[in-house]
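Novice: Please find one structure pasted underneath; my questions will follow.
The values are calculated or read from the model by the stated rules, or taken from the named source; none is laboratory data. If you're wondering where the values come from, they're calculated on a predicted model, not measured in any experiment. Backbone-built Cβ (ideal geometry, glycine too); neighbour counts: all protein chains shown.
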Amino acid sequence: FAIVMAVTDPHADKYRRASQIIVPLDTPGFTLVRNISIMGEAGDGHASHAEVTYEEVRVPQSNLLGEEGAGFAIAQHRLGPGRIHHCMRWIGICERSFELMCKYAVSRELAPGRTLADMGTIQNWIAESRAEINAARLMILDAASKMDREGAYAARDDISMIKFYCAGILMKVLDRALQTHGALGMTDDLPIAYWYRHERASRIYDGPDEVHKWSVARRILQRYRS
């Protein structure tokens with residue numbers, strides 16, 4: 001099934017205009033037009049992006065998800081935990097990429113008795129990556145703990161901060177891991193290239209970096225203006 005978020009009362013308060021409606025995929029008028037290629041991949045399942053059309057689609061009122069006008073609230077209720085979940089997944093990708101980078105660095109010989117791990121640049125990347133992953137992990141734990149104690153609204157700044165910070169760390173670690181592996185890193189013999197393509201969207205979905213930074217900065221500055 002698909003979940004449609006649509007305006008059902010254009011005259012209501014701006015946060016009460018939209019509702020969420022369940023539409024079974026075999027409903028007459030619903031068409032899955034195509035899978036859209038993203039960063040060179042069509043993907044499937046959770047990795048897919050689809051173009052769909054609705055032509056005179058009708059479903060019973062019982063397909064309303066929650067109350068009429070609750071679409072925005074439902075979406076917002078999901079976003080806090082969803083963003084934390086994304087960040088947790090990104091830490092997992094960072095850890096795996098870091099492990100691959102370190103293993104390759106100590107095994108790739110440049111000359112007899114000399115490996116990539118002996119290079120200062122590689123050592124810097126490893127140290128920086130370890131510190132950044134650890135910092136990101138603690139930020140995620142802190143945000144999740146605050147949400148559990150006080151709710152998603154109280155933790156909204158913490159969640160916004162981990163969203164843009166962890167996405168940035170993810171891309172840094174992936175880039176270093178790919179660069180360390182050289183031409184091998186560009187291939188799909190390793191998962192790094194796939195993550196590099198697929199996870200670039202981390203800085204966009206569930207709110208782009210710029211929006212989260214703006215939201216955090218705006219609320220911080222409000223405290224100094226009052």
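Novice: Give region 136-160 a look and list any residue that's part of a helix (DSSP H, G or I), in contact with a helix residue (DSSP H, G or I) (Cβ under 8 Å, 6 or more places away or on another chain) and of a type outside the set (D, E, K, R), or say none.
Specialist: Here is the first cut: in region 136-160, the residues part of a helix (DSSP H, G or I) are 136-150, 156-160.
Checking which are in contact with a helix residue (DSSP H, G or I) (Cβ under 8 Å, 6 or more places away or on another chain) leaves us with 136-137, 139-140, 142-144, 146-147, 156-160.
Result: Ala136, Met139, Ile140, Ala143, Ala144, Met147, Ile159, Ser160.
Novice: Here is a check on your reading of the model: is Arg200 surrounded by fewer than 15 Cβ atoms within 10 Å (Cβ to Cβ) and of a type in the set (Lys, Arg)?
Specialist: Numbers: surrounded by fewer than 15 Cβ atoms within 10 Å (Cβ to Cβ): no; of a type in the set (Lys, Arg): yes.
Against the criterion (surrounded by fewer than 15 Cβ atoms within 10 Å (Cβ to Cβ) and of a type in the set (Lys, Arg)), Arg200 does not qualify.
Novice: What number of residues within region 6-36 are surrounded by 15 or more Cβ atoms within 10 Å (Cβ to Cβ) and not β-branched (Val, Ile, Thr)? Talk me through it step by step, then tell me what you get.
Specialist: Step one: filter region 6-36 for residues surrounded by 15 or more Cβ atoms within 10 Å (Cβ to Cβ), giving 8, 16-23, 27, 30, 35.
From what is left, the residues that are not β-branched (Val, Ile, Thr) are 16-20, 30, 35.
The total comes to 7.
Novice: May I ask you to verify whether Tyr153 is surrounded by fewer than 20 Cβ atoms within 10 Å (Cβ to Cβ) and under 14 Å from the mean Cα position of the chain (by Cα)?
Specialist: Values: surrounded by fewer than 20 Cβ atoms within 10 Å (Cβ to Cβ): yes; under 14 Å from the mean Cα position of the chain (by Cα): no.
For Tyr153, the condition - surrounded by fewer than 20 Cβ atoms within 10 Å (Cβ to Cβ) and under 14 Å from the mean Cα position of the chain (by Cα) - is not met.
Novice: What residue, of Val59, Val52, is outside the structural domain of Asp189 (by TED's automatic domain parsing), surrounded by 13 or more Cβ atoms within 10 Å (Cβ to Cβ), under 27 Å from Arg203 (Cβ atoms) and touching a residue at least 24 places away in the same chain (Cβ under 8 Å)? Talk me through it step by step, then tell me what you get.
Specialist: Values: Val59 fails: under 27 Å from Arg203 (Cβ atoms).
Result of the check over Val59, Val52: Val52.
Novice: Does region 36-46 contain at least one residue that is at pLDDT 90 or above and either within 30 Å of Ala155 (Cβ to Cβ) or assigned to a loop (DSSP other than H, G, I, E, B) (or both)? Give the derivation first.
Specialist: Step one: of region 36-46, the residues at pLDDT 90 or above are none.
Checked against the condition, which is being at pLDDT 90 or above and either within 30 Å of Ala155 (Cβ to Cβ) or assigned to a loop (DSSP other than H, G, I, E, B) (or both), region 36-46 yields no hits at all.
Novice: Between residues in region 79-96 that are touching a residue at least 24 places away in the same chain (Cβ under 8 Å) and residues that are assigned to a helix (DSSP H, G or I) and among the basic types (Lys, Arg), which pairs lie under 6 Å by C-beta distance while being six or more apart or on different chains?
Specialist: Cβ pairs passing all conditions: Arg83/Lys163; Ile91/Arg137.
Novice: For region 57-82, give me each residue that is of a type in the set (Gly, Ala, Ser) and over 25 Å from the mean Cα position of the chain (by Cα). First the steps, then the outcome.
Specialist: First, pick out the residues of region 57-82 that are of a type in the set (Gly, Ala, Ser): 62, 66, 69-71, 73, 75, 80, 82.
Ser62, Gly66, Gly69, listed by residue number.
Novice: Scan region 169-193 residue by residue and report those that are hydroxyl-bearing (Ser, Thr, Tyr) and in contact (Cβ under 8 Å) with a residue 12 or more places away in the chain. So that I can check it myself, show each step before the final result.
Specialist: Filtering region 169-193 down to residues hydroxyl-bearing (Ser, Thr, Tyr) leaves 180, 187.
Listed by number, the list holds a single entry, Thr180.
Novice: Quick one: how many residues across region 166-197 are surrounded by fewer than 20 Cβ atoms within 10 Å (Cβ to Cβ) and of a type in the set (Val, Ile, Thr)?
Specialist: Residues in region 166-197 being surrounded by fewer than 20 Cβ atoms within 10 Å (Cβ to Cβ) and of a type in the set (Val, Ile, Thr): 1 in total.
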